[in-house]
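Structure record follows, encoded as structure tokens.
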Amino acid sequence: MKQQYFRLLLNRPVSLLALLLLAFAACSSSSSPPDSSSSPPGSSSPPPGSSPSPPVVGADTGAIAYVRCSTGDIHVISPDGTGDRVLWTIPQPFVYPAYELAWRPDGRELAFSSGHEQACSWYDSDVYVIGPTGTGYRRVTNSPACAALAGLPKGSVTVNVNNYTTSLVWVYVQGAPSIKTVLGGYVGTVTFDDVADFGPGVHQPSIGIGGLDRFTSYPPYADVQPGQTVPGGNLTIGQYSGFRGFGAGKVSWKADGSALAYGLRTNSAITQIPANPPYGSIGADLPVVEQGKPGLVAWGSTLATKDQYLYSSYMSIFKKDVGGIYLNTMGDASGGTQVVLFYDYSAEYVHDIEWLPDGSGFLFTKFHVELGYFSDIYEYNFATQKITQLTPSLNDEKSDGGARGLSISPDGQQIVFERAVYLSDTPSSLWIINRDGSNMHKLADDAGRPAWRQIP
């Protein structure tokens, strides 16, 4: 765990482009770069291309989870638009609704990333799971959830704080019952009482919070001891030393349900974490290409591809044409093969990536400029290495807007996707389209971040 804290310190510079893209999201999910194909490893047979007619709605069509943009609540709806119900209600009004949703492959849990518990976490957004009936809520990253802290043994932690700004900031130690306020110019020690002990040898770091920025601390991190006071390291807050988007964004389940992967919204790492991790864990980094700026991640969709993952990267000023979509396998330190290339300064980036259910390829939504701003859905086929545009050039600035987050039906024949207007506060809407590009129709207004799966 210590190793990842140090890695985050080394990756302090945040891509300006990434921050701008985050600011553009309404209820839409967004992340990386563009297109031009390259050479990839193969998988299995090519995807079906003939016109699939809309299926008869029934148990086989599954259920679509989505975020209601106006409330931040998570809903579940049938693909025919019936049976809309609230699955999870956000505890308090929050400026950002859930960033991403992903059903476990067996449909027994829905993972989502959200910032609703950011006042009691090292991250400003964490990965959570909840069952299909609304029970079984728990936090995965930086666990446990806030409410579970009360039942753990308690100790005290002292943190050396240097606030070299003129602004009021908050300070938090992982496991503390609440944040503490530090005035601008303060230099001294802040003591936290009743800090939950996550167990022997578990380091519980402190964090500074100033607006949208988070300021990481330096060792020694606290190893809380029940009934004792221990040192909690050093926290230095400077005017431009913070991270913005320091938390989980895109989330994906491993095909066997044993682990999840998530992308940091700083676009500095993609991380895997067990489905039931020990307290305080943030997981371990997945390898990416040298100088990569990873944002999105998606585990392979079949048991045969469960150790493979797709990820996106923004461009880097230190390496030419590093932007794109990559396919890698766990244990391959090279970061894998670039299957879709994004040329530097092409003004293209990717909003979402999803594997096809049979592992034969993947879908992605790409922002592109063609005498206007557009965001469309594309399909990449591993066997042919071809990219096919599926949506009819959706204008990002007009009508219902361009494509954002997406999810594919359990049978692989339909796609549900979010549409939003670029640089607008207009609520997103959900649409369904056949995989051959036919029968595009609206499913729901005021809705985004879809996840489609058969559920019990």
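What follows draws every value from the coordinates through simple rules; no lab data is involved. This one's a predicted model, so the numbers in the text were calculated from it and none came from an experiment. Here the Cβ positions follow ideal geometry from the backbone for every residue, glycine too, while neighbour counts run over all protein chains shown.
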* Given a cut-off of 21 Å, what percent of all Cα-Cα pairs of region 253-411 lie beyond it? -> 47
* Structure fact -> Extension length gain for D194 and S70 (0.36 nm per residue less Cα distance), in nm, is 41.0 nm
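Quick one: Kirkwood hydrodynamic radius for region 146-243, alpha-carbon pairs, angstrom, one decimal?
On the way: mean 1/r = 0.0752 Å⁻¹.
Hydrodynamic radius (Kirkwood, Cα pairs) of region 146-243 is 13.3 Å.
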* Structure fact -> Note, C27: beta-carbon cut-off 9 Å, +1 each Lys/Arg, -1 each Asp/Glu, net +1
* Out of region 356-456, which trypsin sites (Lys or Arg not before Pro) are coil in DSSP terms and have no more than 14 other C-beta atoms within 10 Å? -> K386, K398
* Asked: What pairs from K250/K319; K386/K442; K154/K306; K306/K442; K180/K306; K180/K319 go past 31 Å between their alpha carbons?
  -> K154/K306; K306/K442; K180/K306; K180/K319
* **Approximate spin-label separation T426-S438, in nm, with each point projected 7 Å along Cα-to-Cβ** => 2.9
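Work through the residues other than G210 whose Cβ is under 13 Å from its Cβ and net out their charges, Lys, Arg +1 and Asp, Glu -1. Provide the component values of the computation, followed by the final result.
Details: positive: R214, R244; negative: D124, D213.
With Lys, Arg at +1 and Asp, Glu at -1, the net is 0.
How about region 345-386: which chymotrypsin sites (Phe, Trp or Tyr not before Pro) there are in a DSSP loop, with at most 10 other Cβ atoms within 10 Å of their Cβ?
Values: sites: Y345, Y349, W355, F362, F364, F367, Y373, F374, Y378, Y380, F382; in loops: Y345, F382.
Listed in order of number, the matching sites are Y345.
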* Calculate the all-directions average of the projected area of the chain's alpha-carbon convex hull, and give it in nm². => 20.3
* What ranking do K319, K293 get, fewest neighbouring Cβ atoms within 10 angstrom at the top? -> K319, K293
* Using θ = phi - 60° and the Karplus form 6.51 cos²θ - 1.76 cosθ + 1.60, what ³J(HN,Hα) does each residue of region 106-112 get, whole Hz, x for Gly and Pro? -> 8, x, 8, 8, 10, 8, 8
* Structure fact -> In the neighbourhood of R104 defined by beta carbon distances under 12 Å, the net charge of the other residues (Lys, Arg +1; Asp, Glu -1) is 0
* Asked: Would you list E397, E100 from fewest to most Cβ contacts within 10 Å?
  -> E397, E100
